[in-house]
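Worksheet: the structure to be examined is printed underneath.
The values are calculated or read from the model by the stated rules, or taken from the named source; none is laboratory data. This is a predicted model, so every value here is computed, not measured. With ideal geometry, Cβ positions are generated from the backbone for all residues, glycine too; neighbour counts draw on all protein chains shown. Just the protein is used for accessible areas: all its heavy atoms, side chains included, with ligands, DNA and RNA removed. Shrake-Rupley method; radii C 1.70, N 1.55, O 1.52, S 1.80 Å.
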Amino acid sequence: MTLEALISSRAKLPERLYLFKSCVAGTFYPGIERSFRFILNSLNVDYFDDPSQSSCTGFGVHCGMVPPQTNLTLNARNLTLASESGYTNVVCTCPTSYANLKECVNELSDTSSRAAVNDVLKQVGLEYNGGVTVYHAAEVLYVIKDSLAERAKSSLSQLKIATHHGCHYTKVFYDQVIGGLWEYPHLLDDICTTFSATLVDYSERSLCCGMGFTNLMSTNDYSAVTSLRKLESILADKPDVIVTMCAGCQLALDRFQKKYERRLGYTAPVLNVSQLVAILLGADKTKDACLQFGTINTGSIVNKLEAL
Amino acid sequence: MANSDSSNNFDYLYKKENKVRCLQCGRCAAGCPAAHVFSEYNPREVMRRVQDGEEHELHKDPIIWLCGQCYTCNSRCPRNNNPASIILQARERAYKQGHAPAEIYQQSAALLESLFLNGVTVSPVLLKEKLGVLSELVDVERLTKLRAELGLPEHNSREVPIPAKAIKQIRTIITSTSGQGERANDA
Amino acid sequence: MSRFGVFLCRCDGNISNTVNIDRLEKHFSQTCVVETDQHLCSLQGQQKIKNSIRKHDLQGVVVAACSPNNHGKTFRKCLSDTGLNPYLLELANVREQCSWVTKDQKSATRKARDLVNASIQRLQHAEPLSEFLVGVTNAALVIGGGIAGITAALSLAENGIKTYLVERQPSIGGNTVRIGKVFSPHKMVEECAMCSLSPLMNDVYEHPNITLLTNAEVTSVIGTAGRFSVDIKIKPRSVNERCTSCGECATVCPIEVADWWNANTRNRKAIYKPFPQAVPDRYVIDIENCVKCGKCSKACKSKAIELEAEPSLQKVKVGAIVLATGHEEFDPSLRPELGYARLDNVITQLELARIIGVNGPTNGELLRPSDGAKPSKIIMIQCVGSRDEKPNGLHYCSSVCCMVALKHANYISDYSPGTQISVLYTDIRTPGIYENYYRHVQDKGVRFIRGRASEVKQKAGKLYVSVEDTLRSKCVELDADLVVLSTGMLPSKGTVELAQKLGIELSEELFVKEKHPKLEGASTSIKGIYVCGTAQGPKDITYSVLQADAASLEALSLIGQGSLSIEPLSAFVKDSCNGCGICVRHCRNNAIKIVDRAATIDPMLCTGGGACIHACPTGALDLHNSTEAQLEASIRGMLAGKVNGEIRNIAFLDSKIGYAAADNIGASKLQYPSSVRIISVPSVLRLAPRHIDLAFKLGADGVFIGQGFEAESCGENFESVESKLNNLSASVAQLGIDPARLKIYRVYIPHFVGLHKRLMQFDKGIRQNDEPSDELALRSET
């Protein structure tokens, strides 16, 4: 397969989206999901915002705290809610949910796992029968980026942007990344350039943000050292904003900048791609994009948006 | 399914089958952020121990808690091994058998409670716990204030809480698959 | 008791470890003369067969042993030596199709019994046949003008064979031209590739027995060993023989194109001469990029330019073909973490070869691309794309990259002393005497770090390579001025395309598969077609040249025979022909003519595919050695003894590609259920709806039809074979057979793994849909 074919083979807009909510985003950056809903509403994309969906438990899984069978069965329930609603394209705002749900879909194609899971689901009156596809919200934005640009009320032409693609999007199911190969994804870059942004490349492009699950909740050096390595590299060419696709990455990059502000000598606000796009489409910065949740002040970006 | 033996049926989570074919080339280690920070952690050495038949001893080694679960090792390995998933399996075993660090058990109690009560894993209520670096990073007061201003629930990461009927389903699943909340459900 | 002999080979355990030979011996002793042996193919084993034929005055022989492709000829000779017609032999392939693919002893023994039974049934309908001789065309075709093709062409021409050498590029020379320096096992000094190659290229040009066709491509090959007809398409060179190579044209040409001969390290014009020593020694217009502005025509004093030249087609007849279509480099931009194409100073070994080559972009000076500065620290990264199972990776070792890195490290140490070179390796592979080279380069102070590079980064204009020194368990970031990637070798697109056109088998890696990896390393799966150089697998120049000599020797010995004995496997006319002429239209080989109101078939032209047979409305045609009676007997035999609840699936495979692929499944010990029973047909066009129907009536649960390739199918092209198979499928559906039970695989089977996968899927599919049917059990003739 050629490079181009490899990249373009997965770029197709899914219809009837099942919005899969993230617990990390919901806790620290509620603007991510509010922004994504705002974008979908602006484009009249049909989606289902099901309150009954549970957390994917991925955060607990990666910390070794949630048993695999609990993870698999809870997600079988979530996937079943999606398939029964007819909104079979599950869209996650969180890369960990994305990878975790994909892994569950794979595991549930095994008949014995499926039978064991359905045994439990029977108790709650459900049966998993497959038929669900899992996407990340950034993939949806990537596919509709041209329609988004047409509706944009302002442009990014005055902004220098550095992007960070979440590891659980690029490195778990690496062969399914759209917008570049997994080792050099440019999904977010392509969305930003559609709005005339200037991109800033940096050497530690593929490095982890530093979030690191158990490490972030311990006192070891992983998160601080890794995040600093990442930030020093990102900030070397002084971007105006750092764009991510993961609430966990945003948490690490935003808060560690604040912590090491003096050492870094330069800071750039961190935004989820949904927040950035929503603002460009005219979303309210406080109520929709909730930019106030960022610890690095986002005012500089707002000032540099060029009205169209 | 409530008993722990059944977990063998769910030996999945990003598992790959090629681990004994590891070339020991070090591509994983050279790209590993944890190996960069900790001299005692090296995913290639983890693979070597698996090759030497020590996979089932890994869970007793505290180094397994140093991996950041970034999966760079997975995406770089020329032989399609997945050291991060080996770590993950070792963590599960360690957690189950009491080898996890004390802080993990404390945090997990809060996390699992949130999952059981509200159906969400991470939630603002978790921030009351000792969370190492995370506690230093998050200004809980500010966050609480900002959330309140937007009318977001104080203890739930969900803007619209999960309906009671759904919570009941979630609890039934958690109880049948892990035994958690057995008495609560009976009551 | 019939006067048939059944000879059961144990194959030194290869068969008898899985198949209970004693039980088979007992079983068949009731009806036939039975003998067993450890090695029927040995002289003693053969003698046993001969003695038995004489002693019992046998009328026919079944040998249950390995594939007919291994020792079919040996056993036939046993018959002819004793005066028995060699076509009164049936081979039951109980090794490749039974003992090697079935683990369970009971199932294997039962299947072996059925295979032998089917052979006995078929033998009852065998007819004595005699072979005949045809002349061999005293000419050869060599495809590919790199070092392997040049060597093969010269060897053939030197031995008096008229040889056509076809090359896609406008000059011969291939990759050897680009690599600049070559290593040799005995000297620690790099030699100039061109110094060895240039005289050979000139010899090709001047040799009276060689017709050199550059800018040319083989478009089709038909026929069989000894008598191939080949079509060659020649792109216009647009510069005629009057060209004096003065170069005025290129000076005025406004179009710049990346120069393949310089590994794209510099540009050339649309009118250009590939390199100073190019053969033919003439300019050429790259018509894909030329804008026909006419500036070159005006500049040319010799009036050599023909802008309106058209492509031409040349047809040649040859007795043998040598494939030397070479390799391509792995595209390192598929591994973006290593920075290639993003970072200027990350280059490949081939690009480095051009940079240090005297006729390269820097006239041989070691200068890096970004700023033309002299690099003082160079890092070489091994295994880029090789031994790599990530998407698009090559799973194999490309075998020359270690030596290439050593060669360049040595050369740079000699000519740019003081340059610090580090080689990051997974395993250094310098087999045999090449180890001397490794030691020598270590002495020069080149650093070897055991670890595969993870990432190349650029910070403040400097390159950094992340690698773990695995021998010290230390992760480091090494800085460098220049990073050189040792990229792997993959089969060239031309190799794969041509293999599909010719119907020769490819390895799993898509290199041309040799007929026998040890004993026939320059032969392909098709008689008369030979292979050499990197088309067959990664190798260096030394081994490419050796294999080219081997391939040309094979071709020579075939052509040297003057005539070939041809198996009489053609169609023939029975007496009921009314001369309607319908069959004539079905024969693309023009082998059938109507003479005196009856069809006659030229056995020399007939390729024995059998398409004409069921085209005949009166049933007047039949096929030697695959007669209606024989085919029917095979089907009956394969389904006999089926018990209630047992599943049996018939797989009809064409005798050349499909059957050989099945043999390879066996040789690789890939397992498949014993329900799969293979019947060899000369081509799937031999099959009529009645054969499929018969199989189902006799209790088959599923029928699989696997067609290897169109070349064996009565000269039909792929599309017409496909449409005939569609018709077959439709007719079978009309007979009321569940279409899910018939699977036709029309596609080319590139290698045996694909066939294996399909057989497994097919068998699984049949099993899943199969509900036990009493009706079927009743209908089966048990």
Check residue A:71 against each of (1) within 7 Å of chain B (Cβ to nearest Cβ); (2) surrounded by 24 or more Cβ atoms within 10 Å (Cβ to Cβ) and name the one condition it does not meet.
(1)
In region C:434-454, the residues that are more than 22 Å from residue C:539 (Cβ to Cβ) and open to solvent by less than 20 Å² (accessible area, probe 1.4 Å):
C:446, C:449, C:451, C:452, C:453, C:454
Taking the options C:311, C:361, C:375, C:336, name whichever one is modelled with pLDDT of 95 or more and open to solvent by 30 Å² or more (accessible area, probe 1.4 Å).
C:311
Only one residue in B:170, B:87 is open to solvent by less than 20 Å² (accessible area, probe 1.4 Å), more than 7 Å from chain A (Cβ to nearest Cβ), in a helix (DSSP H, G or I) and of a type in the set (A, V, I, L, M, F, W, C). Which one?
B:87
What single numbered condition from (1) closer than 19 Å to residue A:242 by Cβ; (2) open to solvent by 10 Å² or more (accessible area, probe 1.4 Å) fails to hold for residue A:102?
(1)
Applying the selection to region B:8-45, what residues are part of a helix (DSSP H, G or I), open to solvent by less than 20 Å² (accessible area, probe 1.4 Å) and at pLDDT below 95?
B:10
Residues satisfying the stated conditions in region C:408-433, i.e. surrounded by fewer than 19 Cβ atoms within 10 Å (Cβ to Cβ) and part of a helix (DSSP H, G or I)
C:414, C:415, C:432, C:433
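Given the options C:495, C:470, name the one that is buried (at least 20 other Cβ atoms within 10 Å of the Cβ) and either in the same structural domain as residue C:139 (by TED's automatic domain parsing) or within 30 Å of residue C:752 (Cα to Cα) (or both). Write out each step before concluding.
Working: C:470 fails: either in the same structural domain as residue C:139 (by TED's automatic domain parsing) or within 30 Å of residue C:752 (Cα to Cα) (or both).
Answer to the check: C:495.
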In region C:108-132, the residues that are over 32 Å from the mean Cα position of the chain (by Cα) and under 20 Å from residue C:83 (Cβ atoms):
C:123, C:126, C:127, C:128
Selection from region C:586-624 of residues open to solvent by 30 Å² or more (accessible area, probe 1.4 Å) and within 20 Å of residue C:728 (Cβ to Cβ) yields C:586, C:588, C:607, C:614, C:617, C:619
Test residue A:97 against the stated conditions and say whether it is in contact (Cβ under 8 Å) with a residue 60 or more places away in the chain, part of a helix (DSSP H, G or I), polar (S, T, N, Q) and more than 8 Å from chain B (Cβ to nearest Cβ).
yes
Looking only at helices (runs of 4 or more DSSP H) that fall completely inside region A:193-308, which ones have 3 or more residues that are open to solvent by 30 Å² or more (accessible area, probe 1.4 Å) and more than 10 Å from chain B (Cβ to nearest Cβ)?
A:261-264, A:299-304
Kindly indicate the residue of region B:114-153 that is of a type in the set (Ser, Thr, Tyr) and over 16 Å from residue A:295 (Cα atoms) and also farthest from the other protein chains (Cβ to nearest Cβ) among those meeting that condition.
B:114
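Within the group B:175, B:144, which residue is buried (at least 17 other Cβ atoms within 10 Å of the Cβ) and not hydrophobic (A, V, I, L, M, F, W, C)?
Testing whether each residue is buried (at least 17 other Cβ atoms within 10 Å of the Cβ) and not hydrophobic (A, V, I, L, M, F, W, C) leaves just B:175.
So that you can scan it fast, the table gives a plain yes or no per residue for (1) touching a helix residue (DSSP H, G or I) at 6+ places or on another chain (Cβ under 6 Å); (2) in contact (Cβ under 8 Å) with a residue 40 or more places away in the chain:
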{"position": "C:402", "(1), (2)": "no, yes"}
{"position": "C:419", "(1), (2)": "yes, yes"}
{"position": "C:423", "(1), (2)": "yes, yes"}
{"position": "C:432", "(1), (2)": "no, yes"}
{"position": "C:436", "(1), (2)": "no, yes"}
{"position": "C:440", "(1), (2)": "no, yes"}
{"position": "C:444", "(1), (2)": "yes, no"}
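Report yes if residue C:710 is buried (at least 17 other Cβ atoms within 10 Å of the Cβ), in contact with a Phe, Trp or Tyr (Cβ under 6 Å, 6 or more places away or on another chain), at pLDDT below 85 and within 18 Å of residue C:615 (Cβ to Cβ), otherwise no.
Values: buried (at least 17 other Cβ atoms within 10 Å of the Cβ): yes; in contact with a Phe, Trp or Tyr (Cβ under 6 Å, 6 or more places away or on another chain): yes; at pLDDT below 85: yes; within 18 Å of residue C:615 (Cβ to Cβ): yes.
Judged against the criteria, residue C:710 is a match.
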Kindly list the number of the only condition in (1) without any contact (Cβ under 8 Å) to a residue 60 or more places away in the chain; (2) at positive phi that fails for residue C:167.
(2)
Residue list for region B:68-81, filter: in a loop (DSSP other than H, G, I, E, B), at the interface with chain A (Cβ under 9 Å from one of its Cβ atoms) and open to solvent by less than 10 Å² (accessible area, probe 1.4 Å):
B:68, B:69, B:71
Looking across region A:75-89 at residues that are open to solvent by less than 10 Å² (accessible area, probe 1.4 Å) and of a type in the set (Gly, Ala, Ser), the single one that is nearest to the other protein chains (Cβ to nearest Cβ) is A:76
For region C:278-378, which fully contained strands (runs of 3 or more DSSP E) count at least 3 residues that are hydrophobic (A, V, I, L, M, F, W, C)?
C:312-318, C:320-323
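Any residue in region A:205-215 that is in contact (Cβ under 8 Å) with a residue 12 or more places away in the chain, aliphatic (A, V, I, L, M) and more than 26 Å from residue A:304 (Cα to Cα)?
Residues of region A:205-215 that are in contact (Cβ under 8 Å) with a residue 12 or more places away in the chain, as a first pass: A:205-214.
Those left that are additionally aliphatic (A, V, I, L, M): A:207, A:211.
Applying the additional criterion that residues be more than 26 Å from residue A:304 (Cα to Cα) yields A:207, A:211.
Yes, some residue in region A:205-215 is in contact (Cβ under 8 Å) with a residue 12 or more places away in the chain, aliphatic (A, V, I, L, M) and more than 26 Å from residue A:304 (Cα to Cα).
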